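The values are calculated or read from the model by the stated rules, or taken from the named source; none is laboratory data. The structure presented is a predicted model; accordingly, all values stated were derived computationally and were not measured. Every residue, glycine as well, gets a Cβ built from its backbone with ideal geometry; the counts of neighbours run over all protein chains shown.
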Amino acid sequence: MSNNEYTQIGWIGLGQMGNPMVTRLLDAGIEVGVYNRSSDKTADLQTKGAKVYPSRAELIRAYPVIFPDGFRLRRHPRHP
């Protein structure tokens, strides 16, 4: 595995934990796409360089690695 494999990450959910983690990824030079139900939480990260997506589906199609919000992951039909 090369160091370049995880230079593009998608992130769903920007709560108390998601926002600071995305900020650290951006500070490290990693391209991060974000989606959040309420768009007000995406504005600050967009000014820091995050790409904001209007839907989870578009974000998932755009990034090879996705960090999902736990609630949505549990409610996914393929998740046990």
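Suppose we filter VAL65, VAL52, VAL32 for residues that are touching a helix residue (DSSP H, G or I) at 6+ places or on another chain (Cβ under 7 Å) and modelled with pLDDT under 90; which single one remains? Step by step, each of VAL65, VAL52, VAL32 is checked, and only VAL65 is touching a helix residue (DSSP H, G or I) at 6+ places or on another chain (Cβ under 7 Å) and modelled with pLDDT under 90. Residue-level analysis places GLY18 outside the set of residues that are at pLDDT below 95, buried (at least 16 other Cβ atoms within 10 Å of the Cβ) and on the phi > 0 side of the Ramachandran plot.
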